[in-house]
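The values are calculated or read from the model by the stated rules, or taken from the named source; none is laboratory data. Keep in mind the model is a prediction, meaning the values are calculated, not measured. We place every Cβ from the backbone using ideal geometry, glycine too, and count neighbours over all the protein chains shown.
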Amino acid sequence: MNFKKIENLSAILMVVSFFMPWVSLGILSATGFKVASMGGAGTLLFVIPLLAIVVLANDMLNFLDVDKSKYLTYLTAVVPLIYIIYRLIKAGSGFFELASIGIYLTLIASVLMILGASGKIKLPE
């Protein structure tokens with residue numbers, strides 16, 4: 001695996017942040033895994049780490065060509081963005097009161113993944 005690619009580092013960050021607190025209510029908090037395990041529409045959150053793992057596996061095994069790899073990377077980055085925007089619209093300003101470190105790291109990883117896949121940012125060789 002190439003750790004010099006922003007996409008791979010972002011995918012690792014997505015997987016790690018999925019197991020960090022996403023929602024915080026004072027002393028109570030819930031990880032992305034716990035929110036996804038609650039059922040309902042939250043179950044779709046399992047797609048985020050699964051797609052990130054597929055991005056990493058594709059980098060190691062090269063089972064997709066270059067174009068399909070880019071589309072996979074964009075899809076992996078856009079899914080969390082869509083969820084976060086949906087939650088932001090639904091909760092309004094209360095979103096920022098409930099959001100915790102995991103959801104912010106996922107958002108940062110998504111933006112970095114898009115920028116890395118599009119070639120806007122690269123790590124120095």
Yes or no: region 55-64 includes at least one residue that is crowded, with 17+ Cβ neighbours inside 10 Å and under 18 Å from Leu88 (Cβ atoms). no
Please find, among Ser69, Ser93, the residue that is closer than 18 Å to Lys4 by Cα, out of contact with any Cys (no Cβ under 7 Å at 6 or more places or on another chain) and among the hydroxyl-bearing types (Ser, Thr, Tyr). Ser69
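Select from region 92-103 the residues that are over 12 Å from Met14 (Cβ atoms) and assigned to a helix (DSSP H, G or I) and write down the one among them that is modelled with the highest pLDDT. Give the derivation first.
First, pick out the residues of region 92-103 that are over 12 Å from Met14 (Cβ atoms): 92-101.
Next, from what is left, pick out any that are assigned to a helix (DSSP H, G or I): 94-98, 101.
Working: Gly94: 83, Phe95: 84, Phe96: 84, Glu97: 86, Leu98: 88, Ile101: 94.
Per the criteria, the residue is Ile101.
Take Ile6 and decide whether it is surrounded by fewer than 17 Cβ atoms within 10 Å (Cβ to Cβ) and under 16 Å from the mean Cα position of the chain (by Cα). Walk me through how you get there before you give the answer.
Values: surrounded by fewer than 17 Cβ atoms within 10 Å (Cβ to Cβ): no; under 16 Å from the mean Cα position of the chain (by Cα): yes.
In short, no.
From Ile53, Ile48, Ile12, which residue is part of a helix (DSSP H, G or I), at pLDDT 90 or above and closer than 16 Å to Ala99 by Cβ? Walk me through it before giving the result.
On the way: Ile53 fails: closer than 16 Å to Ala99 by Cβ; Ile12 fails: closer than 16 Å to Ala99 by Cβ.
Only one candidate qualifies: Ile48.
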The condition of being loosely packed, with under 11 Cβ neighbours inside 10 Å, more than 14 Å from Val15 (Cβ to Cβ), without any contact (Cβ under 8 Å) to a residue 60 or more places away in the chain and among the hydrophobic types (A, V, I, L, M, F, W, C) holds, among Ile84, Ile89, only for Ile89
Residue within region 19-34 that is surrounded by fewer than 16 Cβ atoms within 10 Å (Cβ to Cβ), under 20 Å from Ile108 (Cα atoms), out of contact with any Gly (no Cβ under 6 Å at 6 or more places or on another chain) and of a type in the set (Lys, Arg) present: no
